[in-house]
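Take a look at the structure below.
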Amino acid sequence: MQNQGVVADGEKESAVSIPISGKESAVSIPISGKESAVSIPISEKESAVSIPISEGDDWANFADDDIMQQQSAIHAEEAKKVPFVGDKEPLSMLAAEYESGSPILLEKIKVLEQQYAAIRRTRGDGNCFFRSFMFSYLEHILESQDRAEVDRIKGNVEECRKTLQGLGYADFTFEDFFALFIEQLDCALQGNEDSISRDELILRSRDQSISDYVVMFFRFVTSGEIRKRSEFFEPFILGLTNATVEQFCKSSVEPMGEESDHVHITALSDALVLAPFLSSLLLPCCIVLVTMTFSIQNDAFAFSGC
């Protein structure tokens, strides 16, 4: 259960207690009638986040949803400090971050160290699974130059396009996303006029205009697969939410920023027939219990705990 904000009223001013992740449990912020904004320090090394407060606001009347929205604003501000795809870091840094955590978790990180030497962090903005998978898969194509795999995945992408059309989606709602993903696949193959290097792949993965489009491609593919096989996915969706399959796709799959669960991962894997690739790609998800993917070359994986 998430921590709830607690509002305490005084005679001249009120205060709101906002739960903060990490080592802090909450930050108590006094609000006076003349203040137009509050500044919330997140940690000793980070600058404060300023949240505007109107003069007429009465914090005593704020609901939990209002406090959660402000908490989300703080987290969104912090997420912007992390690039969409980060540079390689030694896997030992992950162990250091969790050294005071669960001994079981530390043992699982040791299992990762038997195969991988480095991690790449991805921004924890709700798109972390799709974005980290995007980078890992394209990096795999770039390093392996597996033209047969590119041809195979293009065929599956075409089937996904037909699935969306059969479900009543207009082409203009998804075509640009599909076209950009195919373009990235072609650019990962060397010998083409538009071929790219690994450095260029990293830059493209950090370019929001490209990265977000590829994320949306994966979201449409995932949504189409869930809708097409609604009877299969419905029991799993009911285990997550009370929404119908259609509502789930509209609210938790297609919108940017919605976090992924096992339903998303299974649907994407099945739609693009990625089981052989994902069987190794998603191993760290099962080991560390956070969203992460990694490179097929067995030296690094992209990681995010969103």
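Starting with the highest mean, order 82-88, 150-156, 185-191 by the number of other Cβ atoms within 10 Å, averaged over the residues of each peptide.
Values: 82-88: 18.0, 150-156: 14.1, 185-191: 15.9.
Result, highest mean first: 82-88, 185-191, 150-156.
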*Given a 1.4 Å probe and every protein chain left where it sits, what share in percent of the accessible area of region 125-222 is carbon and sulfur?*
48 percent
*asked:* What does the C-alpha gyration tensor say about the overall shape of region 144-216? Classify as rounded when a/c is under 1.5, otherwise prolate if a/b is larger than b/c, or oblate.
replied: oblate
*Within region 93-125, what residues put their amide N at less than 14 Å from the label point 7 Å along the Cα-to-Cβ vector of Asp87?*
119-121
*Probe 1.4 Å, accessible area per residue of region 76-186, Å²*: 47 Å²
_Two-site label geometry, Lys162 and Val273: point separation in nm, points 7 Å out along Cα→Cβ_ = 1.2 nm
*Could you calculate the FRET efficiency of Gln115 with Glu183 from 1/(1 + (r/R0)^6), where r is the beta carbon distance between them and R0 is 51 Å, rounded to 0.05?*
0.95
*Could you pull out the pairs from Lys88/Lys108; Lys88/Lys110; Lys108/Lys250; Lys108/Lys228; Lys81/Lys110 whose alpha carbons sit more than 26 Å apart here?*
Lys108/Lys250; Lys108/Lys228; Lys81/Lys110
*Please work out the FRET efficiency for the pair Glu258 and Phe236, using the Cβ-Cβ distance as r and a Förster radius of 25 Å; give the result to the nearest 0.05.*
0.95
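Could you calculate the FRET efficiency of Ala243 with Gln69 from 1/(1 + (r/R0)^6), where r is the beta carbon distance between them and R0 is 22 Å, rounded to 0.05?
Working: r = 21 Å, r/R0 = 0.95.
The formula returns an efficiency of 0.60 here.
Grab the Cα-Cα distance for Asp194 and Asp171, subtract it from 0.36 nm times how many residues apart they are, and report the gain in nm with one decimal. Could the numbers behind the result be given before it?
Working: separation 23, 0.36 × 23 = 8.28 nm, distance 2.59 nm.
Between Asp194 and Asp171, full extension yields 5.7 nm more.
The values are calculated or read from the model by the stated rules, or taken from the named source; none is laboratory data. Keep in mind the model is a prediction, meaning the values are calculated, not measured. Glycine gets a Cβ as well: all are built from the backbone with ideal geometry, and neighbour counts include every protein chain shown. Areas reflect the complete protein model, heavy atoms only, side chains present, ligands, DNA and RNA absent. Shrake-Rupley method; radii C 1.70, N 1.55, O 1.52, S 1.80 Å.
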